[in-house]
Each structure stands twice: as C-alpha cells, then as structure tokens.
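Notes to accompany the following structure.
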C-alpha cells in the first residue's frame, strides 16, 4: 500500500470514528431529552400507585383520610405545572447535533455495551431520596456528559454579553476552543445558539402541559415529536426530579440558606483575595462542576471573568434556559418537593410552590466575559492552551466527582497562574466508590489528609482552612436533614523558583 493510500485509509478510519462518536452522543442526548419528556408519565404512574394503595384501605380507614382523593388531584396539577416548565425549557434548547440523524451506525454489541457501561456508571449517588440516603445530592454518569468521545471545548456567553478571551490561552479561542453558541458538544460545525422559539399557547399537542394559569405549551421542534421519544429507565427520570431540586438550590429564594452556607464563604474569600479588581483587566476565575450556574454568575457579578464548566447535559439544558431565556425574576413556578411522601410535616409543605429564578440573570450585573463551557473537566482543561491561564479556581462539591482525584489536583495546579488561588468547598463523597460489578471504573478515594498531601506535592500552600456545616438540595421543611461537614480551604500555588 502506498503512502497516499495509507493516508486515505487513515482519514476514512478517523471519519468513521467521528461518525460513531457523534451517533453515540446523539443517542445519549436523545435518552436525556426522553428522560425529561417521560417526567409527566412517570409522575402520573406514582400518583396512580398512591391511589391503588388508598383503594385497598378498609372503609373506616378511608374515612379518616377523606382528603386524599383531593390531594391526588392537587399532585396532578403540580405535575402539570412542572411539566410546563420542562417542556418550555426543551423548546428553548438547540441541540448541538442533528437529532434526526440515523444512529444505527452504533448498533453493534461492543458499542452498545460501552454506552450502557457509561449509563450505568456512577449511579449510586445520582439522586437518592432523603428517606433512604446519606447523600442527598446528584451525580451523573459519563453518558450524560457534553461529550461522549473526544472533547473539544464549547463555551457560551450569557446572552447579551460578549465573551472576552483570556489572552491567547483561553479556551475561548479559535479551533477547539471556539466559543460556540451553546454549552454542549463541540464539533466545529455543531453550534447551537440561544433559542428564538416562541411558545404557542393557543394549541395543545400530544405533549400538552399547563402552567399555574392554564397556559398550554406546544412543541416547535421535530425532535420533541413522540416518534423520537424513548422509553428510559426510571433512574433517568429520577435525575430530572433531582434537577428540579437543584433549581431550588441555585435559583430560588428558598435556596438562599444553602447558598449562604456554600457560596457566600467562597464569594467573601474571593472578594478579600482580589480587593483591587480592575474593570479593564478583571481577574479570571474558573468554576468546574458549575451545575446550574449560580455560583459562576455570582463570581462574575463580583468583577471576575468567570467561566463555569459542566459535563452534564441534564444540567446544561436547564442552566442555559435560566441564564439565557429568563425574562424576569420569578417568571416560573415549580413544585420541587412533590415526589416524596416521606418526612413531610403537612400536605401543604409537600405541595408548596417555588418561584424561579429569584433574580433576573441578565440584569444581575455580570462582568463581560462570563461563559459556560461544556465538557469533561479533565479533557477540556488538560489542553496546553490552559496552562497558567487562571487567577483562581473555585471547586464547590466537585473534587469527589473524580475517578482520579490526584489528576484533578494536578490539572488545577497546572492551569493556575503562579500565585493563583484554589478555593475548595465540599465533602469527599466519592461518586465512583463501591461501584461493584464495574471492573473498569477507576475510583481513587483519598482521605482529606492525603488530599492535602497531594496538593502540597503539586505546589500548593495552605493559607486558610476550616469546616462548615451545610446541606445539599435539602427540603428545608423536611423532618429529615442530611448534613455535611464540608472542608473549606484556600490554597495558593507557589511561584516556581529558578
């Protein structure tokens, strides 16, 4: 075979690999969207199960609970309002891939097993209910990420704000670091902007949901058609319920207490460490594991060029909607606590509404350059262009999401400037711990003492350290409150001496 023939064969192989990766990602994204679309049916199944249990009661017991049929109807109205929010969120989402493309290209046992392994990995801490869990927080397997295969970098600025490059080494530059219009994947031709889809409240479709005022939402996207919807495991729908609870933590007045416990110490530390922030040359701050984006936005409002990084499409679909599509504060109503009957003080507590967002993001006073970057932290920020770029890295409930926490710490050190600071807040609830049966799942689970030793090895010096008690997406009116004694520290990267 000649050199030109070998080169052509290699190009065909790489093209085939990209096609397979894209098909796998489309399949994964369809499953995630289907989980959102399956929410109302799964919730209705729960209500019907409650009704079946109620019907089995003897008449005397039913008489004591005569209000229950009314409660079941209230639950259905709450589900309808949640579904209205979810469907409008999906209407505003512009997938970065062609969702109508044929995914049969990845239909072979080896690739299917690979996808299933990703879907199954890390589910121990995905979204356990308070009654059965010591966790109370959400974890997503790799299939939920913005990139299934190789990770290019995709960033999105808040609508109406120009993304400002961090010199020439920012991830928001040409090539793999192009700031495309939507958080998500990543190919040069795969861009998605904030949606201009207008909600038509005049006509109902098979997916017809009403808000608290009776407004009905209808589909404007082909990929929201029922023919594209997949039947997904209930664990996928549980992730949607977790997202609804995460919205309260980041974007509701009811979540202010948790934000004060977790975000406020970080913001106060940043404010004190960078007292003379210049509007012409603001300091830069990276927030890996940014979730729904509130912490990254608050850091931007302090006067930093702030970038959130998130790997989960579940999270990014929702954060993009709130950051880019919210028109006013308290625009939407959700019912976040309806999916558990355990530990409720009253039905009214369980069925109470929450207004979101508590602020209008676009009017919050953000600093030019605020962006969200989709992709796996290790893949995105291992890029050579990231070396020595950031003045600060903030990790909140993040470092224990690693397969290899040593690698996380190494990357954080590498991307910080000399003298840059690493502010961390959170526990060590390793997401891939106890993954029995998953022989290929690495999980390095260090003690806090060992984490600090590793940080010292990579050039960090501890400046401040304390423990803060906090909760995570906890219902403040629940009879059960899971609490963490989170490690909170500030470390500084020591300058390299010559």
Subset of segment 323-342, residues within 14 Å of residue 247 (Cα to Cα) and surrounded by fewer than 22 Cβ atoms within 10 Å (Cβ to Cβ), comes to 326, 329, 330, 331, 333
From the option list 423, 409, single residue qualifying as in a strand (DSSP E or B), more than 17 Å from the chain's Cα centre (by Cα) and closer than 29 Å to residue 258 by Cβ is 423
Any residue at all in segment 451-461 that is touching a residue at least 60 places away in the same chain (Cβ under 8 Å) and on the phi < 0 side of the Ramachandran plot? no
Contact list please: Cβ distance under 8 Å, first residue in segment 267-290 and closer than 20 Å to residue 399 by Cβ, second residue surrounded by fewer than 18 Cβ atoms within 10 Å (Cβ to Cβ), pairs at least six apart or on different chains. 269/464
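The rows are residues; the columns are (1) at pLDDT 95 or above; (2) more than 27 Å from the chain's Cα centre (by Cα); (3) under 29 Å from residue 294 (Cβ atoms).
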position	(1), (2), (3)
430	yes, no, yes
450	yes, yes, no
483	yes, no, yes
495	no, yes, no
Which condition number in (1) over 21 Å from residue 470 (Cβ atoms); (2) surrounded by 24 or more Cβ atoms within 10 Å (Cβ to Cβ) is the one that residue 310 fails? (1)
Restricting the search to segment 380-392, which residues are assigned to a loop (DSSP other than H, G, I, E, B) and closer than 20 Å to residue 496 by Cβ? 382, 387, 388, 389
Give me a count of the residues in segment 460-498 that are part of a loop (DSSP other than H, G, I, E, B), surrounded by fewer than 18 Cβ atoms within 10 Å (Cβ to Cβ) and touching a helix residue (DSSP H, G or I) at 6+ places or on another chain (Cβ under 7 Å). 4
If a residue counts only when it is at pLDDT below 70 and under 25 Å from the mean Cα position of the chain (by Cα), which helices (runs of 4 or more DSSP H) contained entirely in segment 58-120 have at least 1 such residues? 109-120
Among the residues of segment 287-333, which ones are within 17 Å of the chain's Cα centre (by Cα), under 27 Å from residue 276 (Cβ atoms) and in a loop (DSSP other than H, G, I, E, B)? 290, 293
All conditions in (1) within 15 Å of residue 288 (Cα to Cα); (2) over 24 Å from the mean Cα position of the chain (by Cα); (3) in a strand (DSSP E or B) are true of residue 414 except (3)
Count of residues meeting criterion [free of Cβ contacts under 8 Å to residues at least 12 places away in the same chain and part of a helix (DSSP H, G or I)] in segment 334-379: 2
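The values are calculated or read from the model by the stated rules, or taken from the named source; none is laboratory data. Every value quoted in this text rests on a predicted model; they were computed, and no experiment measured them. Cβ: placed from backbone, ideal geometry, glycine included. Neighbour counts: every protein chain shown.
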